[in-house]
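*Asks:* Starting off with a structure, shown below.
Bear in mind that the values in this text are calculations on the coordinates, not laboratory data. No experiment lies behind these values; they were computed from the predicted model shown. Note that each Cβ is placed from the backbone with ideal geometry, even for glycine, and that neighbours are counted across all protein chains shown.
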Amino acid sequence: MRTCVGCRGRELAAGLLRVAAVPGEDGLDAVVVDTAGNLPGRGAWLHPNRECLLVAIRRRAFPRALRITGSPDTSAVVEYFTEREASVRPATEQVAKNMSTP
């Protein structure tokens, strides 16, 4: 069981995304989605929905969970969610189109 850093809900690891901190080129840490689950260091867990991401950013949960100082760059995680939503939307529209009767 893991705890989502956004909503604080408990879930099996298979139902959550792992994020980890990696050093950025400007010396600050960046938070990235660890899809393979093999990035070194501490990981934090997040439900795969935008609401939990926004709550985690608002609560500044990533620095606490990952035990890093300062405010990390979360743009990679936001971009991951944006791409994920964009890929799901056309598939949903196609299903709705296929289900309509002529």
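*Asks:* Would you calculate the separation in nanometres between label points at residue 86 and residue 69, each defined as 7 Å from the Cα along the Cα-to-beta-carbon direction?
*Replies:* 3.7 nm
*Asks:* Need one number for segment 6-48: average projected area of the convex hull over its C-alpha atoms, nm².
*Replies:* On the way: hull surface 13.8 nm².
About 3.4 nm², averaged over all directions.
*Asks:* Let me ask another. Calculate the dipole size of segment 2-99 relative to its Cα centre from +1 charges on Lys and Arg beta carbons and -1 charges on Asp and Glu beta carbons; express the result in debye to the nearest 20. Please report the intermediate quantities before stating the final value.
*Replies:* Numbers: 14 positive and 11 negative charges, 117 e Å.
For segment 2-99, the charge dipole is close to 560 debye.
*Asks:* Counting each DSSP H run of 4 or more residues in the chain as -39500 (n - 2.57), what helix-only mean residue ellipticity at 222 nm follows after dividing by all residues, to the nearest 500 deg cm²/dmol?
*Replies:* Computed ellipticity for the chain at 222 nm equals -12500 deg cm²/dmol.
*Asks:* From the Cα trace of segment 1-79, what convex hull volume per residue do you get, rounded to a whole Å³?
*Replies:* Working: hull volume 6.9 nm³, N = 79.
About 87 Å³ per residue, rounded to a whole number.
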